[in-house]
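In what follows, a single structure is set out as C-alpha cells and then discussed.
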Amino acid sequence: MKLNDYIAQITLDLNCNNNIVCLSAGQFDKGRKIEITVTADGKNFDCTGCSATLKGMHSDLTNFAAAATVTDGKVIVTLDDDILSVSGKAIAKLVLSDGIKTYSTNKFIISVDSALDGDITQSEYYSILNHLIDKIMLIDASGGILVDDAIDTDS
C-alpha cells in the first residue's frame, strides 16, 4: 500500500440511524481519503448521479466544505488543508443532491491532532537554517569535504 492509497471506510445514514463515527487525522495531513458508504434506514443507498459535498465546522467554529466524488455508488472525500487546518474536533456531514432534492447524512467527528512539528518557515531561525543548508550544498557541489575537527561554539 502506498501512502497516498490510505483510505478510511465509514458508513453514514441519510436518516441519521448510525452511531457517531470518529476518525483521527493529523493537522495538515492532506491527502487522506474517506470512502463513505451511504445508507437509508440501514439499507444501501446508491449515490450514482448525485453530487456530494462534505460540510463541517472546525473546533474554532469556522466552517469548511469540500467537494467529494461519487464512484461505484460510494462517496470518496479527500481530506485537505482546509478540513485539517484547525486542531480539535471537527463535526462534519455529507450532503448529497440529485439536482432536485438535497439530503444530508448523520454527522461524524474528525479528530484533528495538533501538528507537533509546526510550520518551520514561520520560525525566526528558518532563514539561518536555510542559509546553512545552501552553504553545505555549495561546498558539496564544488567537491569539498566537510570536516569539523574542533567542535566549538562557532562550529
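The values are calculated or read from the model by the stated rules, or taken from the named source; none is laboratory data. Note that this is a predicted model, so its numbers are computed, not measured. Methodologically, a virtual Cβ is constructed for each residue, glycine included, from the backbone with ideal geometry; neighbour enumeration extends over all protein chains shown. For the accessible areas, the whole protein counts, side chains as well, though only heavy atoms, and no ligand, DNA or RNA atoms are used. Shrake-Rupley method; radii C 1.70, N 1.55, O 1.52, S 1.80 Å.
Within the set of pairs 6 or more residues apart or between chains, which connect a residue that is on the phi > 0 side of the Ramachandran plot inside segment 60-78 to a residue that is open to solvent by 30 Å² or more (accessible area, probe 1.4 Å) with Cβ atoms less than 7 Å apart?
GLY73/ASP46; GLY73/THR48
Against the definition (in contact with a strand residue (DSSP E or B) (Cβ under 9 Å, 6 or more places away or on another chain), at negative phi and charged (D, E, K, R)), how does LYS101 come out, yes or no?
Numbers: in contact with a strand residue (DSSP E or B) (Cβ under 9 Å, 6 or more places away or on another chain): no; at negative phi: yes; charged (D, E, K, R): yes.
Considered against the rule, which asks whether it is in contact with a strand residue (DSSP E or B) (Cβ under 9 Å, 6 or more places away or on another chain), at negative phi and charged (D, E, K, R), LYS101 comes out as no.
Could you list, in sequence order, all residues of segment 30-44 that are more than 14 Å from LEU96 (Cβ to Cβ) and either buried (at least 16 other Cβ atoms within 10 Å of the Cβ) or of a type in the set (Lys, Arg) (or both)? Can you show your working first?
Let us first name the residues in segment 30-44 that are more than 14 Å from LEU96 (Cβ to Cβ), namely 30-35, 41-43.
Hits for segment 30-44 are LYS30, ARG32, LYS33, ILE34, LYS43.
Return the pair list, or none, for Cβ contacts closer than 9 Å from residues in segment 25-45 that are over 11 Å from THR11 (Cβ atoms) and polar (S, T, N, Q) to residues that are part of a strand (DSSP E or B) and open to solvent by 30 Å² or more (accessible area, probe 1.4 Å), at least 6 apart or on different chains.
Short answer, once both residue conditions are applied: GLN27/ASP113.
What's the total number of residues in segment 45-67 that are assigned to a loop (DSSP other than H, G, I, E, B) and either surrounded by fewer than 17 Cβ atoms within 10 Å (Cβ to Cβ) or of a type in the set (Asp, Glu) (or both)?
Going through segment 45-67, the residues assigned to a loop (DSSP other than H, G, I, E, B) turn out to be 45-50, 58-62.
From what's left, either surrounded by fewer than 17 Cβ atoms within 10 Å (Cβ to Cβ) or of a type in the set (Asp, Glu) (or both): 46, 48-49, 59-62.
The number of residues fulfilling the criteria is 7.
One residue is enough: does segment 5-17 have a residue meeting the conditions open to solvent by 70 Å² or more (accessible area, probe 1.4 Å), under 21 Å from SER114 (Cα atoms), at pLDDT below 90 and hydroxyl-bearing (Ser, Thr, Tyr)?
yes
Restricting the search to segment 79-117, which residues are open to solvent by 60 Å² or more (accessible area, probe 1.4 Å), farther than 14 Å from ASP60 by Cβ and free of Cβ contacts under 8 Å to residues at least 60 places away in the same chain? If you could, list the steps in order and put the result at the bottom.
Of the residues in segment 79-117, the ones open to solvent by 60 Å² or more (accessible area, probe 1.4 Å) are 81-82, 89, 91, 93, 98-103, 107, 113-114, 116-117.
Cutting the leftovers down to farther than 14 Å from ASP60 by Cβ gives us 81, 93, 98-103, 107, 113, 116-117.
The answer is ASP81, ASP98, GLY99, ILE100, LYS101, THR102, LEU116, ASP117.
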